[in-house]
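Participant: The following block contains the structure, expressed as structure tokens.
The values are calculated or read from the model by the stated rules, or taken from the named source; none is laboratory data. A quick note: this is a predicted structure, and the numbers were derived from the prediction, not measured. Cβ sites come from the backbone with ideal geometry, for glycine too, and all protein chains shown count toward neighbours. Protein only, heavy atoms only, side chains kept; ligands, DNA and RNA dropped before computing areas. Shrake-Rupley method; radii C 1.70, N 1.55, O 1.52, S 1.80 Å.
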Amino acid sequence: MAQLDTIAPLGAMEEFRKGGRVETEGNGSGKDVIFSWQNLDQLIGEPEEIGVPQKISLEALYRVPIREDIETPRILRVREIVQEAMDYLSNALNIDEEIERESVMNLFAESIFKLSFFIKVNKNLKDAICLIQTAVEKQIKNVYERDKILSLAKALALMKNNVLMDEETLDKCFDILEDAGFDLNAPLAGVKLAP
């Protein structure tokens, strides 16, 4: 079989690849122009725009992006569930009969456990959800007093307004629930801690 001749001899093509440069003839100046290159993309790619370099502040460089715009549907759903739970608490505060109030508080507990689906939105929100669920779980055998219902409403109001909460807001939630007399260490009941 006969080989087909190519436009450029193979030796010249190999020299072109190894040389890392392109020489042009007949450019009108009577001299060869040499362009250095490192890969073929550099030869055929779009020329980079040359401009004045812009300064970036350190704050902008190291800022952690808030995912609120990405997580907006989930954040809105968390706020909706928290508002539902706060409505149950408000209804419970207006009921004088103890059995009826406890029935409303059971509905409140169900709404609080819906928040388990959203624990990945924010680490501090996860901890706040766990705090409230622990308080509710430990309270199952006891009747809710007015002070405890009010403290749950305060903690939930903090959660609703700060879904992407920080440590300080989490600490406030903890203090509100602890001051009301909720046992927030219930998961550690019966565990002996080493000194």
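Participant: Which net charge results when you count Lys and Arg as +1 and Asp and Glu as -1 among the other residues whose beta-carbon is under 15 Å from that of Glu84?
Facilitator: Spelling it out: positives minus negatives among the neighbours equals +1.
Participant: Same structure again: In 5 Å bins starting at 0, how do the alpha-carbon pair distances of segment 96-195 split up by percent?
Facilitator: P(r) over segment 96-195, rounded to whole percents: 2, 12, 23, 23, 19, 11, 6, 2, 0, 0.
Participant: If you don't mind, another one. With all protein chains present, calculate the accessible area of Asp183 using a 1.4 Å probe and round the result to the nearest 10 Å².
Facilitator: Only protein atoms counted, so the area is about 60 Å².
Participant: Still on this model: What is the local net charge at Ile95, summed over the other residues whose Cβ is closer than 15 Å to its Cβ (Lys, Arg +1; Asp, Glu -1)?
Facilitator: -4
Participant: Subtracting the Cα-Cα distance from 0.36 nm times the residue separation, let me have the gained length for Glu168 to Val143 in nm, one decimal.
Facilitator: Gain on stretching Glu168 to Val143: 6.0 nm.
Participant: Something else now. Which order do Ile176, Ile149 take when ranked by solvent-accessible area (1.4 Å probe, heavy atoms of all protein chains), largest first?
Facilitator: Sorted by accessible area, descending: Ile176, Ile149.
Participant: Now, a different point. So, counting K/R as plus one and D/E as minus one, what does the shell of residues with Cβ under 12 Å around Asp175 add up to?
Facilitator: Counting the neighbours of Asp175, the net charge comes to -2.
Participant: If each of Asp127 and Asp179 carries a label point 7 Å out from its Cα toward its Cβ, how far apart are those two points in nm?
Facilitator: 1.9
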